[in-house]
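Chemist: One structure, as C-alpha cells, below. Some questions next.
Every number here is computed from the coordinates shown, using simple stated rules; none is lab data. Remember, it's a predicted structure, so these values are computed and weren't measured experimentally. In this analysis, Cβ positions are derived from the backbone assuming ideal geometry, glycine residues included, and neighbour counts consider all displayed protein chains.
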Amino acid sequence: MIKKEDTIMINREISWLHFNERVLQEAADLRVPLIERLRFLGIFSNNLDEFYRVRVATLKRLVNLKKENPATLDFDPEKILEQINDIVKKHHEEFYQIYSNILKDLAKENIYIINEKQLTDDQGAYVTKYFRDHVRPNLFPIMVKNFKRLFSLKDKSIYLAVELKCKDGRLKNNYALIKVPSFVLSRFLILPKKGDKNYIILLDDVIRYNLSYIFSIFDYDIFNAYTIKITRDAELDIDNDVSKSFMDRVAESLKQRKAAQPVRFLYDGDMPSSLLDLLTDKLKISGSENIFSGSRYHNFKDFMGFPNVGGDYLEYFEALPLPHKDLAGCKSMLAAIRKKDIMVHYPYQSFQYIIDLLREASIDPHVRSIKMTIYRVATNSKIVNSLINAARNGKLVTVFMEIQARFDEQANIFWSQKLHEGGVKIIHGMPGIKVHAKLLLIYRRGGGEDLCYANIGTGNFNEETAGLYADDTLLTCNPNITDEVEKVFGLFSQTLYTPVVFKHLVVSPFGTRKFFSGMLKKEVENAKKGKRAEVFLKTNSLSDNEIIRKIYNAAAAGVKFRLIVRGQCALMPKAKDFGKNIQIISIVDKFLEHSRIFIFHNGGNEKYYISSADIMKRNMDHRIEVTCPVYDKEIQKEIRDMIEIQWNDNVKARWLNKDRLNEYRRNNSQDKIRAQEKIYNYFKEYYYQSKILD
C-alpha cells in the first residue's frame, strides 16, 4: 500500500480552474468554428461566475471559520484563495488576447463588433431610434451621491458607472449608475448591413451613445461610462424554523441571496481611480472582495447567445437526433420496453422518446401511477406538462421536486406550485440532503399484466439540456430494477432516511462508497493473482480523497485504470510513476460530456453501470444518487463501443497528469478521431444496419 503522502492530489477548486482552462482552449482552437469560439468565451465566463458565487464564497466563509476555530480545517483556505486569484488573473489575460484575435478573425468574415464612437451618422440614427423605442423604458439611473444600499446592485447584472462633467468646469462632477437591461433585451443589436459588411453593437454601447439624452435635465456635456459588476455569495443559509415549510424556508433564503456579501468586483480598467475609489467606498468593497480590473465589457456569458450574421460554416453543423433502432416508428413505447431493455443516448438520439413515454402513460387506461424525481427542468417544460396531463387523466402522479437544485431553486418552487395546482402530489426534500437521482417509474396493471416500467438516467429530465449534454438513460421493466426503484421512491416519504437493502441498484448515501471500495478490492485481488484487472470510469468530477487513495493503491497493486474526467480531477498522477497503470483524459467539445459510466473487468465477467453520481464526497455521502447496473449484453456493447471511441479521441481529448496537464492528446495516426462526431456516425450506422437486418 502506498503512503498517504505519496498520493498526488490537488485541491478541487484549483482542479476546477484547470477544467475551465480547457473551455478557454476551445475558444482559442482555430479548428473550432469562429462563432462557436466566441460562445466558448461565454461558457468560460459563465462558469467562472458560478465558481465565484459558490466555491470562492465557501472558501471565504471557511477563512472566517478558521480564524474563529483554527483547528477546524486541515488546509489553509487563504492560500487556496491566493492561488485562485493568481490563476484567474492569468486566465483573464489569455481571455482578452483570445477575444482580440477573434475580433480580427470576425473582420475577415466581414463581421464587425463596433462601439458607439465608430457609428456612422445613419447607424447612429438607427441606434438612437432603437434606444428610444426599446431601451430607454427599461433604464432607471441611480445618482451615486444618493446611493445608500449595497444590495441595490444585483448579482449577474452589469452596470455602467457614468461620469458627468462640464468642459468649462462650471459644474462639479456628478456620477450615476445604470443597470444594463440585458435580461429583457438582447445584449447584441444587429445594425443594417452595408454591402457585404455586417455590424453589431453591444447594448452597453447603445446606452453610451445616448447618455446625453438620459441626463438631458442636467447641463453636462461630457459623459464617460465604465462597466462594473458584482458577484455575490450564492450559498443558501436555510432557516431551521420547523414551524415553516421547507419550501418557505428556501424561498426566504433566496431573498437573502440577493443581499449576500460580494465575493468579486469587476471594473473597467480605464475607469479613473477617483471614480473607482468612490464606488468601492459607497459599495463598501475592500481588497478582500477580489477586485479585478478588466476590459470595458463584462458578463461575457451573454456571448453564449452571440448571433451568427455570417455563413453556416461559422457554427457547428446542427446534427438532428437520430432515430433509435428499437423505438423509431413503434406504436407503443411500453410495448417496446416489454420486449427488451433499451438505452437512449442524448443528444445523439432524441429526448422526445421520454416525452412520448409520458404521453402514452397519461392516456393508457391500464396505467395506474407515475412517479418521478425532478432536479432541473426546461424553461417551458414538456415534462411538467405531461405529468399534469397524466394527473388530469386520473393517474396517481407523484413528483419528488428537489427545491435545493442550485440556481434553479426559484424555478423549482414555481414548478412545484404548477404541479400541485394540476393535481400532482409533490414531495419536497429536507435540509442537508439533496435528491440528485434521475428516476421515472410507471405502474401498469390490467390488460393481462401487472408490471412496472422504469427510466434511470445520468442526466436531468430536461429537453433543453438533452440537446446539449451527452447523457445515457435506461428504459427497463426488469423487476429486479423496477422493484428497487420503487424502494428509492419509498425513501422520500420517510421522515428520516433510513438504510434500505439494495441488491441491484447502488444508492447513495447508503452504499455507493462501499460499492466502489468493494469493486476496487476485487480488481486488486485479481491483479495479485496475476489475472487481468482493469477499471474504466467516465465521470464529470473525481475529487473524493478516500476513493482516490484506493485508486492509487489499486494501481500500485497492478490494476490498470482508464479514466475520462470532464471537470475537476483531484487525482493527478505523475506520468513516470503511475502512467502505466493510471491514464486520465478529459474531453471538452461541442456537447457537454455529462454521463457517468463505470466498467469493472471483474475477472472477465465485466460489470457495467450508469450513474447520476460523480465520484465526489457530496455524491457519495450527502445525496440520494442511483447507480444502475446494465445487464443487457447488447447495451453493454453499445456502452463499450462509445467509451472506447472516446478513449481514442485524438482531436478534443487532453491529458490530465502532473507532467502533461491539459496537453492535447495526439498520436501519429493518420485518422483524426473526434469522439462526438464518430459516436454520432456510429449510431447512424447502427440504426440503418438494424433496419437492413430487419
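Chemist: Any idea how far the Cα center of the stretch 494-569 sits from the one of the stretch 117-143, in Å?
Modeler: 58
Chemist: Show the residues, 5+ positions off or on another chain, whose built amide H is closer than 5 Å to the amide H of PHE400.
Modeler: The list, which skips near neighbours in sequence, is MET372, THR373, ILE374, ILE427.
Chemist: Can you tell which of VAL485, ILE584, ILE645 lies farthest toward the positive end of the dipole of the chain, using +1 and -1 charges on the Cβ of basic and acidic side chains (Lys, Arg; Asp, Glu)?
Modeler: Of the listed residues, the answer is VAL485.
Chemist: Pairs of Cα atoms under 8 Å, at least six residues apart: use those to get the relative contact order of the chain, whole percent.
Modeler: Value for the chain: 12 percent.
Chemist: How big is the gap, in Å, between the Cα center of the stretch 187-201 and the Cα center of the stretch 615-694?
Modeler: Here the two parts' Cα centres lie 41 Å apart.
Chemist: Further, regarding this structure: Quick check: the angle from helix 545-556's long axis to the longest principal axis of the chain, C-alpha only, nearest 10 degrees?
Modeler: 60
Chemist: Hey, what do the phi angles of the stretch 17-23 turn into as Karplus ³J(HN,Hα) couplings, whole Hz, using 6.51/-1.76/1.60 and θ = phi - 60°, x for Gly and Pro?
Modeler: Taking θ as phi minus 60°, the curve returns 5, 5, 4, 5, 5, 5, 5 Hz for the stretch 17-23.
Chemist: Then there is this: What is the extension gain from ILE427 to ASP641, computed as 0.36 nm multiplied by their sequence separation minus the C-alpha to C-alpha distance, in nm to one decimal?
Modeler: Between ILE427 and ASP641, full extension yields an extra 73.2 nm.
Chemist: Could you check the simple spin-label distance between LYS617 and LYS340, using points 7 Å along Cα→Cβ, in nm with one decimal?
Modeler: 4.5
Chemist: Okay, moving on. Go from 0 up to the bin containing the longest alpha carbon distance in the chain, width 20 Å each, and give me the % of pairs per bin.
Modeler: Histogram of Cα-Cα distances, whole percents per bin: 16, 47, 32, 6, 0.
Chemist: Which value in nm describes the separation of the simple spin-label points at GLU525 and ASP312, placed 7 Å from the Cα toward the beta carbon?
Modeler: 5.7
Chemist: Using unit Cβ charges (K, R positive; D, E negative) and no other charged atoms, how large, in debye to the nearest 20, is the dipole of the stretch 333-492 about its Cα centre?
Modeler: The calculated dipole for the stretch 333-492 is roughly 300 debye.
Chemist: With θ set to phi - 60°, apply the Karplus curve 6.51 cos²θ - 1.76 cosθ + 1.60 along the stretch 613-625 and write out the HN-Hα couplings as whole Hz, x wherever there is a Gly or Pro.
Modeler: Here the 3J(HN,Hα) series is 9, 7, 8, 10, 4, 5, 6, 8, 10, 9, 9, 8, 10 Hz.
Chemist: With the crude spin-label approximation of a point 7 Å out along Cα→Cβ, what separation in nm comes out for GLU546 versus PHE218?
Modeler: So the label points at GLU546 and PHE218 sit 6.0 nm apart.
Chemist: Suppose every Lys and Arg Cβ carries +1 and every Asp and Glu Cβ carries -1, with no other charges. What dipole size does the stretch 563-638 come out with about its Cα centre, to the nearest 20 debye? Spell out each step's value before the answer.
Modeler: Numbers: 12 positive and 10 negative charges, 63 e Å.
My answer is approximately 300 debye.
Chemist: Return, ordered by residue number, the residues of the stretch 23-58 whose backbone nitrogen is under 20 Å from a label point located 7 Å along Cα→Cβ of PHE75.
Modeler: 48-58
Chemist: Which order do the peptides 373-386, 119-132 come out in when sorted by mean C-beta neighbours inside 10 angstrom, highest first?
Modeler: Ranking the peptides 373-386, 119-132 by packing returns 373-386, 119-132.
Chemist: Quick one: which residues, 5+ away or cross-chain, put their amide H under 5 Å from the amide H of ILE582? H built at 1.01 Å from N.
Modeler: PHE561
Chemist: Fully extended, how many nm does the chain gain between PHE140 and LYS193 (0.36 nm per residue separation, minus their Cα-Cα distance)?
Modeler: Length difference between fully extended and current span is 16.0 nm.
Chemist: ³J(HN,Hα) across the stretch 192-208 via Karplus (A = 6.51, B = -1.76, C = 1.60, θ = phi - 60°), whole Hz, x for Gly/Pro?
Modeler: Once rounded to whole Hz, the list reads x, 5, 10, x, 9, 9, 10, 10, 10, 10, 6, 4, 4, 7, 4, 5, 4.
Chemist: Given 0.36 nm per residue, what is the gain on full extension from LYS418 to SER690 after removing their alpha carbon distance, in nm?
Modeler: Length difference between fully extended and current span is 93.7 nm.
Chemist: Here's another thing I want to ask about it. Quick check: convex hull over the Cα atoms of the stretch 4-314, volume per residue in Å³, rounded to an integer?
Modeler: Values: hull volume 57.9 nm³, N = 311.
Considering the Cα atoms of the stretch 4-314, their hull volume per residue is 186 Å³.
Chemist: Let me ask another. Pull up all non-local amide H partners of LEU542: gap of 5 or more, or a different chain, and H-to-H distance under 5 Å with H placed in the peptide plane.
Modeler: GLN568, CYS569, ALA570
Chemist: Can you give the FRET efficiency for CYS330 and ASP659, using 1/(1 + (r/R0)^6), R0 = 56 Å, r = Cβ-Cβ distance, to the nearest 0.05?
Modeler: Once rounded, the FRET efficiency stands at 0.65.
Chemist: Between their Cα atoms, which of LYS145/LYS229; LYS156/LYS487; LYS179/LYS284; LYS503/LYS678 are more than 29 Å away from each other?
Modeler: Long pairs (Cα-Cα over 29 Å): LYS156/LYS487; LYS503/LYS678.
Chemist: Using Cα centres only, tell me the gap between the stretch 410-435 and the stretch 12-30 in whole Å.
Modeler: Value for the Cα centre distance between the two parts: 35 Å.
Chemist: In straight Cα distance, which aspartates and glutamates are under 19 Å from LYS550, not counting same-chain residues fewer than 8 positions off?
Modeler: Reachable aspartates and glutamates: GLU5, ASP6, GLU523, GLU525, GLU534, ASP577, ASP614, ASP621.
Chemist: Tell me which of SER541, ASN526, LEU563 sits at the most positive position along the dipole axis of the stretch 506-693, charges placed on C-beta atoms (Lys, Arg +1; Asp, Glu -1).
Modeler: Looking along the dipole axis, the top candidate is ASN526.
Chemist: Give, to the nearest whole percent, the P(r) tail of the stretch 19-125 beyond 22 angstrom, counting all Cα pairs.
Modeler: Summing the P(r) of the stretch 19-125 above 22 Å gives 51 percent of all pairs.
Chemist: Using only Cα atoms, find the angle between the long axis of helix 633-647 and the longest principal axis of the chain, and express it within 0 to 90 degrees, rounded to the nearest 10.
Modeler: On a 0 to 90 degree scale, this one is about 40.
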